[in-house]
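The values are calculated or read from the model by the stated rules, or taken from the named source; none is laboratory data. This is a predicted model, so every value here is computed, not measured. Cβ coordinates were reconstructed from backbone atoms using ideal geometry, including for glycine residues, and neighbour counts include every protein chain displayed. With ligands, DNA and RNA removed, areas are computed over all heavy atoms of the protein, side chains included. Shrake-Rupley method; radii C 1.70, N 1.55, O 1.52, S 1.80 Å.
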Amino acid sequence: MKCESEKMMSEKQPHVVVFDIGRVLVKWRIAGLYEKLIPDADRLEWFLREVVSEEWHAQHDAGKPFAEMIEELCAQYPEERELIELYAPRWLECVPGPIEGTHDIVRALDARGVPLYSITNFGVDAWAMFRPTFPVLDHFRDIVVSGHERMIKPHAAIFDLAAQRFGHAPDEMLFIDDNADNIATARALGWHVHHFVDGAEALEADLRGRGLL
């Protein structure tokens with residue numbers, strides 16, 4: 001049987017919403033760039049797996065500049081230099097558009113006065129290109145960007161920093177992310193969570209159930 005404090009915790013509903021950005025608010029596919037440049041399907045699959053991969057890009061999210069990453073990768077794959085060097089200047093082609101329905105949810109939450117924040121894995125160079133193209137983020141009161149902080153989800157440190165910056169306790173906030181590891185960390189730290197795997201309709205239903213919409 002739960003003690004009274006545990007029961008109160010389990011029944012407490014969040015009044016603050018914290019969004020991830022990539023694959024929650026915006027599509028992100030490295031293939032969005034390279035499928036335009038590599039017509040052969042087998043070679044494209046190899047290139048995205050072994051050369052310009054999501055794992056390689058994660059260094060940028062953790063704070064490493066594009067220029068340094070690209071030069072190192074070109075040294076490793078000199079025959080691919082021409083394609084690798086296109087990654088930074090054409091990176092926005094990897095974010096082809098918004099996730100359907102989620103921007104309407106952001107605007108609806110903001111209209112109701114719900115405090116909105118974000119924790120995002122985003123490199124400094126990519127963020128500088130991306131942020132001016134994405135005005136829906138104007139609805140957010142603060143955004144913790146991993147590359148600027150040199151800490152990255154799913155590590156607990158970035159969630160602790162966010163809670164401190166946002167000025168709200170974890171049990172006051174609902175964290176929305178598509179990544180299961182990020183969700184697991186947030187849950188373990190006492191955040192309310194929504195694993196964004198079933199799209200905007202399921203998210204909207206969850207927010208309504210919590211009285212946020």
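With both residues required to sit in the chain, DSSP beta bridges show an antiparallel share near 5%.
Result for the chain in a Gaussian network model with C-alpha springs under 10 Å: among Pro132, Pro115, Pro14, the largest mean-square fluctuation is at Pro132. The range 170-213 and the range 59-108 have Cα centres lying 26 Å from one another. Placing unit charges on each Cβ (+1 for Lys and Arg, -1 for Asp and Glu) gives the chain a dipole about its Cα centre, and among Trp28, Gln59, Ala205 the Cα reaching farthest toward its positive end belongs to Ala205. Assuming charge only on the beta carbon of Lys and Arg (+1) and of Asp and Glu (-1), the dipole of the chain about its Cα centre is about 780 debye to the nearest 20.
Remark: spin-label model distance Glu79-Arg43 equals 1.0 nm, labels positioned 7 Å along the Cα→Cβ axis.
Per atom type, the chain shows carbon and sulfur on 51% of its accessible surface, probed at 1.4 Å. Which value at 222 nm does the chain reach when only helices count, each DSSP H run of 4 or more adding -39,500 (n - 2.57), with the total divided by all residues and rounded to the nearest 500 deg cm²/dmol? Result for the chain: -11500 deg cm²/dmol, rounded to the nearest 500. For the chain, the solvent-accessible area of protein heavy atoms averages 49 Å² per residue (probe radius 1.4 Å; ligands and nucleic acids excluded).
Is the range 126-213 best put as rounded, prolate or oblate by its Cα gyration tensor, with a ≥ b ≥ c the root eigenvalues, rounded for a/c under 1.5, and otherwise prolate when a/b is larger than b/c, oblate when not? In terms of gyration-tensor shape, oblate. Judged by the mean number of other Cβ atoms found within 10 Å, the most tightly packed of the peptides 118-131, 28-41 leads the ranking 118-131, 28-41.
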